[in-house]
Every structure is written in C-alpha cells, then in structure tokens.
Ligand code: TRP
C-alpha cells in the first residue's frame, strides 16, 4: 500500500570518503527504514558546491555515493535514489523559501559558523543559505520523517519553523517534518580521539575507517585505536575509547554490551581489537564487493538515475507548482 506509507526524506553529501560512522549512523538505518516508509534518498550535490570542489572529482564521488546507497541494500525500485541537481525544483523552492527565512535565523546556525571559520576565504552566500536548500529538499517531498544526525537537528528545526511560517500565511501547504534520530549506540567516535565524532573530514586517516578501506588497513587502524591504560573490556564513561570499540563491535555483530564484556572477560585489548577489526571487515567486505559489481554495470546505474530523477521530479514539481500559485506567480498557459 504505497500511498498509506509515510514519506521519508534524507540526503548525504558526496564530499570526502564515507566512514564507518556514516554507515552505522545513517546508511544502515536507512535500509531498515526503507520498508516502513516511502523513501527519497538524495545525493545532495548542490549543497556540495558551497565549498569549492574539483568538478571531475565531485561528479565521480556523486556517482559513487549513489552506487553505494544501492550497494548498502537500498532497493532502487522501492526507494527513490537520485541526484539533487537533476530535480530543478530544489533550487526553485529554495529561492522562494529564502524570502521566508530571516537573516537572524541563518546567522544562528552553528554549522554556518563552523564552516565559515574553516573556509574563511570563501564565505559565500550559498554557505549562508545552505539550510534553506535543505528545507526545500525536505518540504518538496512533504516528508513526514527525516533521519538526521544530531549535528543536523538545528537545520531541521529551521525547516519546521519556515514551513510553519509559510503555512501560517498561505494555509496547509507543507507537511511539518519530524526528526528521526537513530538508535543510541549508532554514534561512532574517532579511533584516535574518542571525544570527537568519526568524521570524513578528519585530517588523520587513522581516526576513521573508510567504507572502502581494505581488510589489512581496517585491522591495522583498529590495532592503533586509542584505548586506555588498564586492560579491561568494559563499557564505561571513563573508558571512551574502549566503549567506542564496543559500540562498533555491537553494531557490526548485533551483540549486547553484556555479551561483549563477557566474551572478552580476562582477555587483553589485543584480542579485542582484532575481533572488532574482523567484525568490521565482515560487514564492509560484502558491501565493497557489491559496490564493485554495481559500478561495472553502467547501463543499470544509468537507468536508475534516469527513472528515479523522473519520479522525484514528478513529486517535487507538484509541490513547487502549489507553492508558486500560493505566493502569486502567474498561471502557466498550456
Ligand atoms: N545537510 C545534510 C548533512 O550534511 C545533508 C542534507 C541535505 C540533508 N539535505 C538534506 C539531510 C535533507 C536530510 C534531509 O548531513
């Protein structure tokens, strides 16, 4: 019953190499949610150019990300997997919503403050209005739920505020989206500094497991992971490094904290780290194989890109036309 399902929208940027954090924190949940909701999973390439990109590299990464969505288990016939730039309604609605979003609201966004200090030589208007484009993404599809990381909550709140403001003026145009925060334990921290989130933009390659890391690299990075000076495999706030490794092991194996603690009772960190590494290899290896296989099939991927762009365009244009009418743009003559 396609129509009775609620709608879900989410997206990822194709910049940087995706990490295990992106997989356990987002992609894997997306796959779980894909049965329950009518899902739109976007590769948000328009957001990516708020920071300077190499064009060929951006194109390559965008395609790799789209392929990865499928390799991770999202069925492209049930889920609409597409590029943001293939649906011009995103940019058009973003323009309209810009006129319903206050400078003050955007100035408060912590991601804008972070990114403008990181890219002080390129604080462009797109970086400033980034959250408005994100609001347009979500509202175009009348999404009920949006799975996001905690770092995107502020953007989602803004989306809700703008949608409510718009609805307040023009009537019920937009569905007000709810955040869907993933299960606890899915937040993966850096292997080198467990106080920081594992991030694709981390400068230290040993801090992150990239989804395309080969088995030897994965095992090596876990061997080097920061733990602490005792040797107890125990989940505790004062043991953030070990707790993070337990979280990763749990995510990879489905075991509980107690099971993991029991399994490594009396064993040292060496055995534990090796087991964590192997469990991650056993998750990533099939993903990588599937990715390689899919990447070879150009016609198949091209076809998905084409068909899903059409589906997304159809839904998005419906909302856009409604909005255009509400704000007073002239009727189209057919
Ligand atoms: N800004 C999000 C991020 O960096 C990506 C994103 C863009 C997104 N549009 C979205 C996420 C819409 C959810 C819904 O993670």
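Counting only alpha carbon atoms, the long axis of helix 269-296 and the longest principal axis of the chain meet at about 40°.
When only alpha carbons are used to place a centre, the range 257-278 and the range 24-54 end up 33 Å from one another.
With angles folded into 0 to 90 degrees, how steeply does helix 240-253 sit against the dominant principal axis of the chain? Use alpha carbons for both and round to 10. Rounded to the nearest ten degrees, it is 70. According to a simple spin-label model (label point 7 Å from Cα along Cα-to-Cβ), what is the distance in nm between residue 331 and residue 49? So the label points at residue 49 and residue 331 sit 3.5 nm apart. The angle between the Cα long axis of helix 55-71 and the longest principal axis of the Cα atoms of the chain comes to about 70 degrees, rounded to the nearest 10.
Taking 7 Å steps out from each Cα toward its Cβ at residue 306 and residue 107 produces label points 5.0 nm apart. When the convex hull of its Cα atoms is viewed from all sides, the range 205-293 shows a mean projected area of 5.6 nm². Computed from the Kirkwood radius of its Cα pairs, the Stokes-Einstein diffusion coefficient for the chain at 25 °C and 0.890 mPa s stands at 115 µm²/s.
Coordinate-derived values only; no laboratory data. Not measured: the values here are computed from a predicted model. No Cβ is skipped: glycine too gets one built from the backbone with ideal geometry, and neighbour counts run over all protein chains shown.
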